[in-house]
1. Determine the shielding of peptide A:31-44 by partner chains: average, over its residues, the number of Cβ atoms on other chains within 10 angstrom of each Cβ.
2. Determine the shielding of peptide A:67-80 by partner chains: average, over its residues, the number of Cβ atoms on other chains within 10 angstrom of each Cβ.
3. Name the long-range amide H neighbours of residue A:62: under 5 Å, sequence gap of 5 or more, or other chain; modelled H, no Pro or chain starts.
4. Rounded, prolate or oblate, given the Cα gyration tensor of the range A:21-69, with a/c below 1.5 counting as rounded?
5. Once amide H atoms are built 1.01 Å from N in the peptide plane, which residues 5 or more positions from residue B:34, or in another chain, come under 5 Å H to H?
6. Over 31 Å between Cα atoms: which of A:50/B:77; A:81/B:41; A:51/B:66; A:81/B:74; A:81/B:77; A:74/B:74 fall into that group?
7. Once fully extended, how much extra length lies between residue A:82 and residue A:65, figured as 0.36 nm per residue of separation less the alpha-carbon to alpha-carbon distance?
8. Please turn the phi angles of the range B:43-53 into ³J(HN,Hα) values with the Karplus equation 6.51 cos²θ - 1.76 cosθ + 1.60 (θ = phi - 60°), one per residue in order, whole Hz, x for glycine and proline.
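Derivation of every value follows stated rules applied to the coordinates shown; laboratory data play no part. Not measured: the values here are computed from a predicted model. We place every Cβ from the backbone using ideal geometry, glycine too, and count neighbours over all the protein chains shown.
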2 protein chains.
Amino acid sequence: MVQYVSPPLDLSFAALSDATRRGIIDQLGRGDASITSLADKFQMTLTGMKKHVQVLERAGLVVTQKVGRVRTCKLGKRGLKAEAEWIEAHRKLFEARFEALDEIISEMKQEGSDESAS
Amino acid sequence: MVQYVSPPLDLSFAALSDATRRGIIDQLGRGDASITSLADKFQMTLTGMKKHVQVLERAGLVVTQKVGRVRTCKLGKRGLKAEAEWIEAHRKLFEARFEALDEIISEMKQEGSDESAS
DNA sequence: TACATACTGAACCATATAGTTCAGTATGTA
DNA sequence: TACATACTGAACTATATGGTTCAGTATGTA
């Protein structure tokens, strides 16, 4: 029984910040896959794909197992619970802010000043 | 070949992959803040804080407005909707995979009556 | 006017990322 | 045995990140 220390959100959000890696998760949702099949699907070298998979593994989002010469990748049981919780909690924060302020009016008013330098 | 392109999620997940930036969002949930006050709170140079805020701005998570010499930062009205949707959709994917595993197991149990053995 | 405050931009540094190629090793198959 | 397949690791490239310092500019205040 392997006990994973819940990897920090740093690692999982960083893993999710790449479209290829989100695609890999998508793909693994349709079925387990070898490094080679993923590399084919995403038009990338084996070595490049292996690196992506390692990033996902480090984040705990994917687990892999090598049988014979094939390393099979599948979604990790850890899932996206911690990430969903952070997002949901802070979504509420965003919404609470907008209820507190009269956003639309302040938005319409602000045309006069700087907006955003640089 | 599968080509996944969604730059907004790239930017926002990357923005969220840093604990300081998640902290800034947390802080802005409690009230708008200047660059200086954020730099103080997170024990960082002004320049360093400005960079973090720019990352959050590029991702659309924060908006800023300069009035006089003070740049005020607040949560962007775009919120975390797209991120929440991606996470939730894929959380279901993770769960579906594990249910699918159960299905495969039960299919294997009744395999004797079905099709040709391979 | 003089001075402090708040930010801005350029430049630098160390490390990480996303990818590659090339040279292996290990495994399966004819 | 010979050959193909599947991965692995090192090394290299280019760019991004997270931080700094230093030298400004713009703005508010006494």
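1. Numbers: counts 2, 2, 0, 0, 0, 0, 0, 1, 0, 2, 2, 4, 3, 1.
Per residue, the number of nearby Cβ atoms from other chains is 1 on average.
2. On the way: counts 0, 0, 0, 0, 0, 0, 0, 4, 7, 2, 4, 1, 9, 10.
Other-chain Cβ atoms within 10 Å of each residue's Cβ, averaged: 3.
3. A:57, A:76
4. Values: a/c = 1.19, a/b = 1.06, b/c = 1.12.
The shape class here is rounded.
5. Here the answer is B:73, since their amide H atoms fall under 5 Å of that of residue B:34.
6. On the way: A:50/B:77 38 Å; A:81/B:41 29 Å; A:51/B:66 42 Å; A:81/B:74 27 Å; A:81/B:77 24 Å; A:74/B:74 39 Å.
Violating the 31 Å Cα-Cα cut-off are A:50/B:77; A:51/B:66; A:74/B:74.
7. Gain on stretching residue A:82 to residue A:65: 3.7 nm.
8. Ordered by residue, 3J(HN,Hα) equals 6, 9, 5, 3, 4, x, 5, 4, 4, 4, 5 Hz.
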